[in-house]
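This report concerns only the one structure given below.
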Amino acid sequence: MTQPDVAAGMAARVAAIRGRIASVCRDAGRSPEAVTLVAVCKTYDATMVRHGLAAGLLELGENRVQEAQVKIPQVGGGRWHLVGRLQRNKARVATRLFSLIHSVDSVRLARRLEAVREGRPCDVLIQVNLTGTRTQGGIEPSGLSELASVLDRETDLTLRGLMTIGPMGGGVAASRACFRQLREQRDALQVSLPNQPIAELSMGMTDDLDAALVEGATIVRVGRAIFGARSPAPDP
């Protein structure tokens, strides 16, 4: 496939996903402008990501700090989000690379980010595990209040909102129930921590995007519908 063909295909997929977001938002009585599309480019090479930027993508997501360290300089643009788990030993690098870290899931990680950010602003979301699936990561709902309070009282990190990964299977009803729960938790934190700008709900991916938008997602994380089928992730 020629580079013009690749670029044209990318432009068509980006337009399609933006159209899908706009359609669902209109049906839900929401403004599409209230939703940020993060194009998750894990395992895709820098050339493909640059085609995405040329097609109008602005916000880019990576799952692994190691991959981002190599790819971000090669791409040379975009605003980058860390949407995968963050190991504490990668925290310093993460504060340098990413505009928003979606996956703060423990008090220890919050304190580590504060210790290594070296005066840089650091915007974060708390990842909440609402499915009980350990491989998805995230703090248990019972620990959310404590973690949010530590972020507020003990750090100068900025808590922008919450993130979750929806259930695998169970259909639309299960997805909507999960995303509704995250919205309710966000709303409660807005009351208890009025000094923090807790507005964002990062939820919804290619397969459960519509349910997330109906339940109030402000950030959606889409990879496959934009970049196509993934290759296996590289070794660390």
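What is the dipole size for segment 113-236, taken about its Cα centre, with +1 at each Lys and Arg Cβ and -1 at each Asp and Glu Cβ, in debye to the nearest 20?
Details: 12 positive and 16 negative charges, 65 e Å.
It works out to roughly 320 debye.
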Between ARG88 and GLN74, what is the spin-label point distance in nm, taking each point 7 Å from the Cα along the Cα→C-beta axis?
-> 3.2 nm
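Whole number in Å², please: accessible area per residue of segment 1-89, 1.4 Å probe, ligands, DNA and RNA not counted. Write down the numbers at each step before the final one.
Details: 4340 Å² over 89 residues.
Heavy-atom accessible area per residue stands at 49 Å².
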Net lengthening on full extension, ASP45/THR2 (0.36 nm per residue, minus Cα-Cα) | 13.9 nm
SER192-ARG108 pseudo-label distance in nm [points 7 Å out on the Cα-to-Cβ vector] = 2.3 nm
Residue-normalised 222 nm signal for the chain, counting each DSSP H run of n ≥ 4 as -39,500 (n - 2.57), nearest 500 deg cm²/dmol, is -13500 deg cm²/dmol
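For Cα pairs less than 8 Å apart in space and 6+ apart in sequence, what is the mean separation divided by the residue count of the chain, i.e. the relative contact order in percent?
Values: 425 pairs, mean separation 46.8, N = 236.
RCO, the chain: 20 percent.
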Please report, to two decimal places, log10 I(q)/I(0) for segment 1-119 at q = 0.10, 0.16, 0.21, 0.23 Å⁻¹ as given by the Debye formula with identical point scatterers on the Cα atoms and no solvent.
-> -0.38, -0.83, -1.11, -1.21
In segment 170-206, which residues have a backbone nitrogen under 14 Å from the label point lying 7 Å from THR158's Cα in the Cα-to-Cβ direction?
-> 195-200
Report the full-extension gain for the segment SER145 to GLN66: residue separation times 0.36 nm, less the Cα-Cα distance, to one decimal in nm.
-> 25.4 nm
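Relative to 2.2 N^0.38 Å, what does the C-alpha radius of gyration of segment 91-215 come to as a ratio? Two decimals please. Display every interim value, and only then the final one.
Details: Rg = 14.3 Å, N = 125, 2.2 N^0.38 = 13.8 Å.
Compared with the compact-globule rule of thumb, segment 91-215 sits at 1.04.
Share of the chain's accessible area from carbon and sulfur, percent, 1.4 Å?
So the carbon and sulfur contribution to the accessible surface is 50 percent.
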Accessible area in square angstrom per residue, segment 105-236, 1.4 angstrom probe | 46 Å²
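The values are calculated or read from the model by the stated rules, or taken from the named source; none is laboratory data. Note that the structure is a prediction, hence the values are computed from the model and not measured. Neighbour counts run over all protein chains shown; Cβ positions are idealised from the backbone, glycine included. Quick note on the areas: whole protein, heavy atoms, side chains included, nothing else; ligands and nucleic acids left out. Shrake-Rupley method; radii C 1.70, N 1.55, O 1.52, S 1.80 Å.
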